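Written below as structure tokens is the structure these notes are about.
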Amino acid sequence: MDVAKERTSQTDHPGLGHWRWQRLTAILLVPLILWTLWMMRSLDPGSYLSVREWIQQTGPMMALIILLPVSYLHGALGLQVIIEDYLSASVHSGLIWAVRIAAIVLTLASLWAIFSIALA
């Protein structure tokens, strides 16, 4: 088989882009979660003021702004795989759109909450 033809057939696989995004978000989540947990170590979990002051700092706010959308994207990609692999084809489209819309709504709500707390 021609090397160029083999390389083309490997990159044209329909699920390759999805697979790459899923792996990329998983790789991004590891340091983001560790970084966020490291920054949260000084918080008083029962105090709203402590959490609000923490979110108002640039580092934690940026960590949450990056962490939450990446988490929702990773979750949506994973749910899409489950839907495609284990549910009947008649419900694929509707459920995948519902998952995508839920991920977008959760992302927007999370960003709104972060900014409203940070700017309070």
task: Give the residue, chosen from Ser90, Ser116, that is exposed (fewer than 12 other Cβ atoms within 10 Å of the Cβ), over 14 Å from the mean Cα position of the chain (by Cα) and within 29 Å of Trp19 (Cα to Cα).
output: Ser90
task: Run down Ile55, Ile96 and say which single residue is among the hydrophobic types (A, V, I, L, M, F, W, C), more than 13 Å from the chain's Cα centre (by Cα) and at pLDDT below 95.
output: Ile55
- request: Starting from the range 62-75, take each residue that is among the aromatic types (Phe, Trp, Tyr) and list its partners that are surrounded by 19 or more Cβ atoms within 10 Å (Cβ to Cβ), counting only C-beta distances under 6 angstrom and pairs at least six apart or across chains.
  value: Tyr72/Ala103
All positions within the range 13-52 that are exposed (fewer than 11 other Cβ atoms within 10 Å of the Cβ), at pLDDT below 90 and under 18 Å from Val81 (Cβ atoms): His13, Pro14, Gly15, Gly17
statement: By residue number, the members of the range 92-120 that are closer than 30 Å to Gln57 by Cα and of a type outside the set (A, V, I, L, M) are Thr107, Ser110, Trp112, Phe115, Ser116
field: Within the range 20-49, tally of residues that are within 15 Å of Ser71 (Cβ to Cβ) and among the hydroxyl-bearing types (Ser, Thr, Tyr)
entry: 2
task: Could you give me the residue pairs with C-beta distances under 9 Å whose first residue belongs to the range 94-120 and is more than 13 Å from Ile55 (Cα to Cα), whose second residue is not in a helix (DSSP H, G or I) wherever it lies, and which are 6+ apart or on separate chains?
output: Leu95/Leu87
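The values are calculated or read from the model by the stated rules, or taken from the named source; none is laboratory data. These numbers come from a predicted model, not from an experiment. Backbone-built Cβ (ideal geometry, glycine too); neighbour counts: all protein chains shown.
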